[in-house]
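J.: I have a structure here, written as structure tokens, and I will follow up with some questions on it.
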Amino acid sequence: MQEDTFIDSPDDDGSAGAADMPLRPGGGLAAGVEVIRGVVKTLPTKPGVYRMLDAHGEALYVGKARSLKNRVANYTQPNGLSNRIRRMIAETASMEVVVTHTEIEALLLESNLIKRLMPRYNVLLRDDKSFPFILIANGGHDFPQLRKHRGARNAQGEYFGPFASAGAVSRTLVALQRAFLLRSCNDSVFNARTRPCLLYQIKRCSAPCVGRVDTEGYGRLIDDARNFLTGRSKEVQQKLAERMTAASDALDFEAAALIRDRIRALTQIQGHQAINVQGVSDADVIAAHQAGGQTCIQVFFFRGGQNWGNRAYFPSHDRNLALGEILASFVGQFYENKPPPRLILLNHPPDEQELVGEALSSAAGHRVEIAVPKRGEKLDLVEQAAVNAREALERRMAESATQRKLLDGVARVFGLPAPPRRIEVYDNSHIQGTNAVGGMIVAGPDGFMKNAYRKFNIRGGVDPSGAPSPADKDGLAAAIDAAAERAGETVSPTGGPLTPGDDYGMMREVLSRRFARAIKEDPERQQGSWPDLLLIDGGAGQLSSAQQVLADLGIHDIPLVGIAKGPDRDAGRERFFMPGRPPFSLEPRDPVLYFLQRLRDEAHRFAIGTHRAKRAKALTASPLDEIAGIGARRKKALLHHFGSARAVSRAGLADLEMVEGISRTVAKKIYDHFHAEG
């Protein structure tokens, strides 16, 4: 993250010169330079963050500077810059600047903005998953709960982590339950128990819910678990060994056996997680490996002297970017939304190492040391992480090569001008028209792009050939949304009632909503959100429906393919339907056929899973949920009083007023809801 370094677009191969670059309408390199010169005139020499914006107001690049005026002025002399930087300048239509008190504040703000805006000329860490933690949740309860936690740390209690995966947390939780017998049930289940649950029977809970352990005894279990999670495991084991010996001497062999099992559970955790590196208790080990213009960064988490797992990252960046700058940008973005440990070990020094350490210390509220070990056990840890990074990158490159071959095969089979970079696959799921949903999955050169998946609740729409003309794209989107909002009415995309099980109508609605929104949000197709190929799960009928939707929207350049199972719905005998071509099949052992089957099956899995979730939610829905002002407390009071929602619907005004928490006004509202026709 040095001030004199420009970060290039990862999608540009650098072959185009400044003269043949596609530029914004009415703009160009000279126009971009003039925009920047106009901004430079008003810039101070103070630290801050600047944003380069394109003609649509989208961020191209976010940078920080010790002196805003000096840093941004470098862009006004493009002759010595690369074609990529010249292209970025040419696309610049405006700039936004934030002045900060210190360069540390600028660095923190830069990392925050990069992660939020995802500018395509920055190093991008695409990390859309939060890390899981172990939480000892007290919340004022005499018997704190031990559980997994992910997301904002709003719950009251003590957090231990992060763990690299939910699986690592689950395994550790099971072992902790065996070792410390802490409850995992929520407060409502805890308060409702009248006898011990199964976890008590299998010796994974001390059953505080029914008084099998008192507050003082449970507090000792909590202290032992806390000590273990903070690295004092030997102390905990020593105490348990003493208790086991004492119980054995007192001839209480049952208690001694129980403590023995707890010691074994602790030993099992230590055998999987202990590292025993001198001077390393809480640390993150970060190692990067570069090859073929790509970078893999492995992060290992060590807490309390235990290895809590690792995760691999593949940041998006220019292929010629130096490793030090990539690591500096990665570290800033990685810890933007998570607390850093006191020690971070790296295999390569990041740019501005001291500044990055000061910024992390400022954000964390404690000193954070960034070190590149040269010898000893710490170096062994870093080298182990580097080996993992190299092997993960080799696997990814091998998979990418295979994926590229498959995409080349898709282009050959369907006659595409180039291998598709974004394939969208659509499928619907319902049971006789109920709880109908549509699913869209996306695949590209790096495999499935799960953050781009979308689900559509089938709720009614209008045919694009209807009232709003294809030219009035905003009107079309508004009309679709308006039709969807009609209470109690399901409208077919053809303009009439949607017949239950009308798969063609469902597909028309899904595609209408998808591409009406795409036209509204990205009409110039500059954000990479438009597909190069559409796969529809279905035959000629579904293909015709999709063709009609795209034609009515004025979209004529997206290849369409329908994929249908062959006779007797046998996998491996699929038939493919394309406009202007007779149906055809591929050889049963063709790798491209397997690839297309995987895409179709993933869309089917996603749609079915969404449908099942919607159906499960509908099974637990209550008519009381539809009444405004009836929350969980009033709903519970009504059900306890009357026994069922059906009995509530038959109750009179006087009966409703007798329920605790139900005023005359609320009772009238409930009565009117169920007796709307008088």
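J.: In Å, what Rg and Dmax follow from the Cα atoms of the range 347-438?
T.: Over the range 347-438's Cα set, Rg and Dmax evaluate to 24.1, 67 Å.
J.: Grab the Cα-Cα distance for K148 and D187, subtract it from 0.36 nm times how many residues apart they are, and report the gain in nm with one decimal.
T.: Answer, rounded to one decimal: 12.6 nm.
J.: Can you compute the charge dipole magnitude of the range 128-169 about its Cα centre, using +1 on each Lys and Arg Cβ and -1 on each Asp and Glu Cβ, nothing else charged? Give it in debye, rounded to the nearest 20.
T.: Rounded to the nearest 20 debye, it is 160 debye.
J.: Can you list the HN-Hα couplings for the range 149-161, worked out from phi with the Karplus curve (6.51, -1.76, 1.60; θ = phi - 60°), rounded to whole Hz and with x for Gly and Pro?
T.: Those phi angles translate into 9, 9, x, 4, 8, 8, 5, 7, x, 10, 9, 10, x Hz.
J.: Using θ = phi - 60° and the Karplus form 6.51 cos²θ - 1.76 cosθ + 1.60, what ³J(HN,Hα) does each residue of the range 287-294 get, whole Hz, x for Gly and Pro?
T.: Here the 3J(HN,Hα) series is 10, 10, 9, 10, 6, x, x, 10 Hz.
J.: Which entries in the list K450/K520; K148/K635; K148/K374 go over 26 Å, if you measure between the two C-alpha atoms of each?
T.: Working: K450/K520 23 Å; K148/K635 29 Å; K148/K374 37 Å.
Among K450/K520; K148/K635; K148/K374, the Cα-Cα distance tops 26 Å for K148/K635; K148/K374.
J.: What does the convex hull of the Cα atoms of the range 627-678 come to per residue, in Å³, rounded to a whole number?
T.: 68 Å³
J.: First measure r as the distance between the Cβ atoms of H556 and V387, then evaluate 1/(1 + (r/R0)^6) with R0 = 41 Å and state the FRET efficiency to the nearest 0.05.
T.: It comes to 0.20.
J.: How large is Rg/Rh for the range 501-612, to two decimals, with Cα atoms and a Kirkwood Rh?
T.: 0.98
J.: Moving on to the next point. Would you kindly derive the ³J(HN,Hα) couplings of the range 183-196 from the backbone phi angles with the Karplus curve 6.51 cos²θ - 1.76 cosθ + 1.60 (θ = phi - 60°), listing them in order in whole Hz, with x for Gly and Pro?
T.: With the stated coefficients, the range 183-196 comes to 6, 10, 6, 6, 5, 5, 5, 4, 6, 8, 6, 10, 8, x Hz.
J.: Another one. For the peptides 198-208, 183-193, what is the packing order when you average, over each peptide's residues, the other Cβ atoms within 10 Å and list the highest mean first?
T.: Output ranking for 198-208, 183-193: 198-208, 183-193.
J.: If you don't mind, another one. Using every Cα-Cα pair within the range 584-654, state what percent have a distance larger than 16 Å.
T.: The answer is 67 percent, as a whole percent.
J.: Placing +1 at every Lys and Arg Cβ and -1 at every Asp and Glu Cβ, with all other atoms neutral, what dipole size does the range 40-199 have around its Cα centre, in debye to the nearest 20?
T.: Working: 24 positive and 12 negative charges, 66 e Å.
About 320 debye.
J.: Moving on. Mind ranking 376-384, 514-522 by how tightly packed they are, going by the mean number of other C-beta atoms within 10 angstrom, highest first?
T.: By packing density, highest mean first, the sequence is 514-522, 376-384.
J.: Report the semi-axes of the equivalent ellipsoid for the range 279-410 in whole Å, largest first, where each axis is √(5λ) for an eigenvalue λ of the Cα gyration tensor.
T.: The three semi-axes for the range 279-410 are 28, 16, 13 Å.
J.: I'd like to check one number: the per residue accessible area of the range 283-432, probe 1.4 Å, reported in Å² as a whole number.
T.: 41 Å²
J.: Measuring from label point to label point, each 7 Å out along Cα→Cβ, what is the K374 to D522 span in nm?
T.: Result for the modelled spin labels: 4.8 nm.
J.: So, one more: Indicate the gyration tensor shape class of the range 207-248 (rounded, prolate or oblate), computed on the Cα atoms with a ≥ b ≥ c the square roots of the eigenvalues: a/c under 1.5 is rounded; otherwise a/b larger than b/c is prolate and the rest oblate.
T.: Details: a/c = 3.38, a/b = 1.29, b/c = 2.62.
Here the range 207-248 falls in the oblate category.
J.: I'd like to know which of G376, A389, A359 lies farthest towards the positive end of the charge dipole of the range 351-454, counting +1 on Cβ of Lys and Arg and -1 on Cβ of Asp and Glu.
T.: Farthest towards the positive pole: A389.
J.: Two-decimal Rg/Rh of the range 156-225 from alpha-carbon positions, Kirkwood Rh?
T.: Ratio of gyration radius to Kirkwood radius for the range 156-225: 0.98.
J.: How do the peptides 553-564, 250-261 rank, highest first, by the average count of neighbouring beta carbon atoms within 10 Å per residue?
T.: Going from most to least packed, we get 553-564, 250-261.
J.: Can you pull the Rg over Rh of the range 111-215, Cα-only, Kirkwood?
T.: Over the Cα atoms of the range 111-215, Rg/Rh equals 1.15.
The values are calculated or read from the model by the stated rules, or taken from the named source; none is laboratory data. All of these numbers come straight from a predicted model, not from anything done at the bench. Reconstructed Cβ throughout: ideal geometry from the backbone, glycine too, with neighbour counts over all protein chains shown. Accessible surface is based on the protein model in full, side chains and every heavy atom, while ligands, DNA and RNA are left aside. Shrake-Rupley method; radii C 1.70, N 1.55, O 1.52, S 1.80 Å.
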